[in-house]
Amino acid sequence: MSSPADSPLPAKQGRRFVETQPKTERLNINVSARTAAALRTLSERRETTVTDTVRRAVAVLEVLENVLDNGNVLLMKDREGGVTQLTIV
């Protein structure tokens with residue numbers, strides 16, 4: 001049986017609704033020194049945490065995968081107007 005804290009929906013408490021947070025899961029991952037440095041650099045550039053940078057990277061990859069899985073292509077237009085088709089491997 002799930003508790004109100006397990007639900008991402010607001011829980012009703014008396015006559016007020018109280019926002020609840022969805023469960024999180026702690027992961028320990030091994031990354032190369034290059035990846036760790038890139039995560040730190042991106043985090044500093046965006047003035048956020050490495051955790052938030054990883055969350056954002058996963059969200060962006062999910063969008064890209066969905067676009068490509070639906071038979072679409074990913075195009076990049078440079079400043080001079082040149083267009084390149086990108087491939088995600």
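The values are calculated or read from the model by the stated rules, or taken from the named source; none is laboratory data. The structure displayed is predicted, hence computed values, not measured ones. Counting neighbours? That spans all protein chains shown, and the Cβs are built from the backbone with ideal geometry, glycine included.
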(request) Give the number of residues within region 42-67 that are polar (S, T, N, Q) and within 23 Å of residue 89 (Cα to Cα). (result) 2
(request) Could you list all residues from region 32-81 that are surrounded by 10 or more Cβ atoms within 10 Å (Cβ to Cβ) and among the acidic types (Asp, Glu)? (result) 44, 52, 62, 65
(message) For region 37-81: of the residues being touching a strand residue (DSSP E or B) at 6+ places or on another chain (Cβ under 9 Å) and not acidic (Asp, Glu), which is farthest from residue 24 (Cα to Cα)?
(response) 77
(message) Just to verify a result, which residue in region 7-21, among those that are surrounded by 10 or more Cβ atoms within 10 Å (Cβ to Cβ) and part of a loop (DSSP other than H, G, I, E, B), is modelled with the lowest pLDDT?
(response) 7
(request) Go through the residues of region 74-88 one by one and say whether even a single one is assigned to a loop (DSSP other than H, G, I, E, B) and modelled with pLDDT under 90. (result) yes
